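A.B. asks: Have a look at the structure that comes next, please.
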Amino acid sequence: MMTISRAQEDILKAHNMRVNSYINKPIDIDRFARVMRSIQSEGMNFVEQ
């Protein structure tokens, strides 16, 4: 799941729905591109707890 929400409640809801990755979508385009490249090269192993 990619979202702009960092609310703990939203993170917990996502985990309760068995979302395996919770990624905060950066607003800045350069940071967004870095996140996308990282996901592409490393896979979806970014789980925020």
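The values are calculated or read from the model by the stated rules, or taken from the named source; none is laboratory data. Please read all numbers here as calculations on a predicted model, not as lab measurements. Counting neighbours? That spans all protein chains shown, and the Cβs are built from the backbone with ideal geometry, glycine included.
A.B. asks: In the range 14-32, which residues are touching a helix residue (DSSP H, G or I) at 6+ places or on another chain (Cβ under 6 Å) and either among the hydroxyl-bearing types (Ser, Thr, Tyr) or surrounded by fewer than 14 Cβ atoms within 10 Å (Cβ to Cβ) (or both)? Working first, answer last.
C.D. replies: Taking the range 14-32 as the starting set, the residues that turn out to be touching a helix residue (DSSP H, G or I) at 6+ places or on another chain (Cβ under 6 Å) are 22, 26.
Passing the criteria: only Tyr22.
A.B. asks: Which residues, taken from the range 1-36, are modelled with pLDDT under 85 and not β-branched (Val, Ile, Thr)? Please lay out each step first, then the result.
C.D. replies: Residues of the range 1-36 modelled with pLDDT under 85: 1-2, 20-27, 35-36.
Result: Met1, Met2, Asn20, Ser21, Tyr22, Asn24, Lys25, Pro26, Met36.
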